[in-house]
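Peer 1: My questions all concern the structure below.
The values are calculated or read from the model by the stated rules, or taken from the named source; none is laboratory data. Model, not experiment: these values are computed from the prediction. Neighbour counts are summed over all protein chains in view; Cβ atoms, including those assigned to glycine, are modelled from backbone coordinates with ideal geometry. Just so you know, the surface numbers come from the protein's heavy atoms only, side chains and all, with ligands and any DNA or RNA stripped out. Shrake-Rupley method; radii C 1.70, N 1.55, O 1.52, S 1.80 Å.
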Amino acid sequence: GQYYMKAKLVIRGHDAHGAGHWGAPRGERKHRGIDFACPKGMLILPIREGMVTKIGYPYSDSDYRYVQVTEEGYDWRYFYLNPAVELNQYVNTETPIGTVQDLTTRYAGITNHCHLEIKKRGEYINPQELIK
C-alpha cells in the first residue's frame with residue numbers, strides 16, 4: 001500500500017536527535033524548517049504546485065536527496081526523498097514528487113520524516129505560515 005502526505009501533517013516530536021518544529025535547537029544553530037513524521041516509503045505530494053528547479057543531495061557523504069519546487073518566488077524544499085520527478089517538470093498538488101527515505105540508517109533512534117524548508121528570495125521562512 002502506498003501512503004500519501006495529504007491533509008494530516010504531523011510534526012515530528014522530540015526523539016534522540018531533537019524535535020521537528022521551526023526554530024528547534026540544533027546545537028549552535030536553529031532548525032530552519034519543519035519535519036513531518038512519515039514512514040519510509042511514503043509517497044509525498046507537494047503542498048504547492050510549481051516547477052521542479054533542483055534535485056540535490058543535502059550531504060556529500062550519503063544518498064539522501066531533496067526536491068525543490070519553485071512557485072512565485074518561493075522555493076519549497078522537500079528533504080529525504082527518493083525523487084519521482086525530473087528537473088524542469090511542472091508538478092501540481094496531485095503529482096508525487098518522491099518517496100520518504102530511511103533516516104534510521106544514519107541517525108539511530110530518529111523518527112523518519114520529510115523535512116520541509118521554504119526560502120523566499122533566499123531567506124528562510126517558517127513553513128507553518130504558508131500551510132493552513
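Peer 1: In this structure, is Gly20 in a loop (DSSP other than H, G, I, E, B), at pLDDT 90 or above, surrounded by fewer than 16 Cβ atoms within 10 Å (Cβ to Cβ) and in contact with a Gly (Cβ under 8 Å, 6 or more places away or on another chain)?
Peer 2: For Gly20, the condition - in a loop (DSSP other than H, G, I, E, B), at pLDDT 90 or above, surrounded by fewer than 16 Cβ atoms within 10 Å (Cβ to Cβ) and in contact with a Gly (Cβ under 8 Å, 6 or more places away or on another chain) - is not met.
Peer 1: Name the residues in the stretch 81-128 that are among the hydrophobic types (A, V, I, L, M, F, W, C) and in a loop (DSSP other than H, G, I, E, B), would you?
Peer 2: Once the filter is applied, which keeps residues that are among the hydrophobic types (A, V, I, L, M, F, W, C) and in a loop (DSSP other than H, G, I, E, B), the stretch 81-128 yields Ala84, Val85, Leu87, Ile97, Ala108, Ile110.
Peer 1: Name the single residue that is least open to solvent (accessible area, probe 1.4 Å) among those in the stretch 56-80 being in a strand (DSSP E or B) and more than 15 Å from Pro96 (Cα to Cα).
Peer 2: In this case the residue turns out to be Gly56.
Peer 1: Identify, please: which residue in the stretch 104-125 is open to solvent by less than 40 Å² (accessible area, probe 1.4 Å) and touching a residue at least 60 places away in the same chain (Cβ under 8 Å) and is, among those, farthest from Glu49 (Cα to Cα)?
Peer 2: Step by step, filter the stretch 104-125, then rank; the result is Ile110.
Peer 1: Follow-up question, since we're still on this one. For the stretch 37-55, which residues satisfy the criterion of being open to solvent by 10 Å² or more (accessible area, probe 1.4 Å) and part of a strand (DSSP E or B)?
Peer 2: Listed by number, the residues that qualify are Ala37, Leu43, Met51, Thr53, Lys54, Ile55.
Peer 1: Would you confirm whether any residue within the stretch 88-98 is of a type in the set (D, E, K, R) and either surrounded by 13 or more Cβ atoms within 10 Å (Cβ to Cβ) or over 21 Å from Leu9 (Cβ atoms) (or both)?
Peer 2: No, every residue in the stretch 88-98 fails to be of a type in the set (D, E, K, R) and either surrounded by 13 or more Cβ atoms within 10 Å (Cβ to Cβ) or over 21 Å from Leu9 (Cβ atoms) (or both).
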